[in-house]
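Quick notes on the structure that follows.
The values are calculated or read from the model by the stated rules, or taken from the named source; none is laboratory data. In this text, all values refer to a predicted model and were calculated from it rather than measured experimentally. Ideal geometry is used to build each Cβ from the backbone, glycine not excepted, and the neighbour counts take in all protein chains shown. Please note that ligands, DNA and RNA were not included when accessible areas were found on the heavy atoms of the full protein model with its side chains. Shrake-Rupley method; radii C 1.70, N 1.55, O 1.52, S 1.80 Å.
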Amino acid sequence: MFSNPIVLTVLVATLMMLLLIAVVIITMVLSNRRNVQQEVKMAQMHLDHEKGLRLLQDEVMAEVARELHDNIGQRLTFMKLQLQQQKAVNPASAVSLLPVSDMVVETIEEVRVLGRSLNSDVIEKNGLVYTLEKEVERMRTLNKFEVHWEHDKEPELIKDQKVIVFRIFQETLNNLLKYAEAKNVYISMGGGSNFKLVMKDDGKGFDVEQVMSSGKGAGLKNILKRAELGKLKCSIDSAPSAQGGKGTTFTLEKIV
Amino acid sequence: MATLMLVMMVKILPVIAGVYYFGHLGKSFRLTLYLTAIAFVCEIYGLYIGRYLHRHNSWLFNIYMMLEVWLAGAAAIYLMDLKKKWPFWGILVLDTIFWIINLAMGSIFIFANVAMVAGLIVLTMMYLVLLFNNCVFKDRDLLRQPVFWLSLSTIIYCACDIPYFGMHNYFIGHAPALAAKMIRINSILDIIRYPLVAISFILVGQQKQVILNAA
């Protein structure tokens, strides 16, 4: 069979064709692998850059919190003391000064709460459960919806992850406040090594894909980006009430 | 006979994979699935006509070759990320005209090997364009792309079959004993081709599932 020159020609031509394809494909695979590696490096650099920006943002927020506490807080406390002194010196003015005095006390409290929510050091000092609880309390005072909060022990997360969870929690609560029109919000957090934060509401819901693809989803994109930075898995399950949706469920958990 | 059985078994692989992931397959991959199923049926029917009825089965493969060019060609065209696709449709039409002329010059009962070679060249060229267009310039892992495996299967099969089909009628006419042996080239290429098509179907199915899970 192989002595026939035509058969030999056909076989050699077929093998040469196969060899040519093999060379082309191997070259392509190697070149593609280089491209993919480069792309991974670029993505890592981008992630590091984002992380740097977030750290800077946190530092600025901490600085603002310190300024609120040390400067504005002190001035307000001084004002409060002055008002008390004025009331003591001139008891007749006590009635007229009462609304001002109340407003100063309220402002001091608000500045204190705001400072605490801006300063991420509080999380490290008091723990995530305590910090989230304070946020829940702050929400409850607004009387916009009923907050049902349950939690386990302190989750095993590194400091950066705790800060990210806290910021995402704040952003999600703000979104709830602004858009959800919910009556009840159910928040639960699994602790220890099984960290899982679930925030569920009975509000009007929304079309996740539509919001994400339109220019309106900046807050949501921010949440997803933060979660990615903290190596956390984030999922949002929602549908508009017109499409039979029953509120929104937001889940944040640790990537195992 | 053992090679033939192996070819049959290998040809059924992509059909099973394709049917299993049918819901996840896009237009192009569905066309490829239909082509694979038709190839399987033609192989069995061709065998039945040739070996058991002892009649010519070339007419069946003459028809199948045109179906293959159109189905595989259309699948490639739909997958191409190009604005102007009409030249490729034009090439398919030209190939069909060439096939008609080739049959008219001979007979439907004589295997139109020149038209077959033309079809193989057309498909090789189209899938090379598809490979470069869809895979090479994208920064995704090449080995995870279904289009890569589909293109690879077609390029290997079509390009490597050109020398054999070019000489097919010569062997039939001058050395029928050799023709029976040389057909193994096509069988070996079938054995390479169809598992690669099955891989592409499985990858489409798995990637669609990953996307659904993420959503």
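Below is a table of values for the structure above.
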{"quantity": "All positions within the range A:177-206 that are open to solvent by less than 70 Å² (accessible area, probe 1.4 Å), free of Cβ contacts under 8 Å to residues at least 60 places away in the same chain, under 17 Å from A:Ile223 (Cβ atoms) and within 17 Å of the chain's Cα centre (by Cα)", "calculated": "A:Leu177, A:Ile187, A:Phe195, A:Leu197, A:Val198, A:Met199"}
{"quantity": "Any hit, the range B:114-128, residues being surrounded by fewer than 18 Cβ atoms within 10 Å (Cβ to Cβ) and at the interface with chain A (Cβ under 9 Å from one of its Cβ atoms)", "calculated": "no"}
{"quantity": "Where B:Ile100 falls short, out of the listed (1) part of a helix (DSSP H, G or I); (2) touching a residue at least 12 places away in the same chain (Cβ under 8 Å); (3) of a type outside the set (Gly, Ala, Ser)", "calculated": "(2)"}
{"quantity": "Unique residue being in a helix (DSSP H, G or I) and either over 46 Å from the mean Cα position of the chain (by Cα) or within 14 Å of chain B (Cβ to nearest Cβ) (or both) when the list is A:Leu114, A:Leu30, A:Leu97", "calculated": "A:Leu30"}
{"quantity": "Tally, over the range A:130-144, of residues that are at pLDDT 85 or above, open to solvent by 20 Å² or more (accessible area, probe 1.4 Å) and not charged (D, E, K, R)", "calculated": "1"}
{"quantity": "Matching option when the condition is at pLDDT 85 or above and within 18 Å of B:Leu128 (Cβ to Cβ), among A:Leu8, A:Leu20, A:Leu15", "calculated": "A:Leu20"}
{"quantity": "Residue that is nearest to the other protein chains (Cβ to nearest Cβ) [pool: residues in the range A:1-27 that are among the polar types (S, T, N, Q) and open to solvent by 60 Å² or more (accessible area, probe 1.4 Å)]", "calculated": "A:Thr9"}
{"quantity": "Residue in the range B:161-175 that is modelled with the lowest pLDDT, counting only those that are within 13 Å of B:Ala115 (Cα to Cα) and among the hydrophobic types (A, V, I, L, M, F, W, C)", "calculated": "B:Met167"}
{"quantity": "Residue selected from the range B:138-197 under the condition in a helix (DSSP H, G or I) and basic (Lys, Arg), by the criterion most open to solvent (accessible area, probe 1.4 Å)", "calculated": "B:Arg184"}
{"quantity": "Enumeration of residues in the range B:9-67 that are touching a residue at least 24 places away in the same chain (Cβ under 8 Å), assigned to a loop (DSSP other than H, G, I, E, B) and either of a type in the set (Lys, Arg) or touching a Gly at 6+ places or on another chain (Cβ under 7 Å) (or both)", "calculated": "B:Tyr21, B:Leu25"}
{"quantity": "Within the range B:129-155, tally of residues that are at pLDDT 90 or above and more than 12 Å from chain A (Cβ to nearest Cβ)", "calculated": "5"}
{"quantity": "Residue in the range B:98-107 that is open to solvent by 60 Å² or more (accessible area, probe 1.4 Å), more than 13 Å from chain A (Cβ to nearest Cβ), modelled with pLDDT of 90 or more and within 21 Å of B:Ala74 (Cβ to Cβ) present", "calculated": "yes"}
{"quantity": "One residue from A:Lys153, A:Lys125 being modelled with pLDDT under 85 and among the charged types (D, E, K, R)", "calculated": "A:Lys125"}
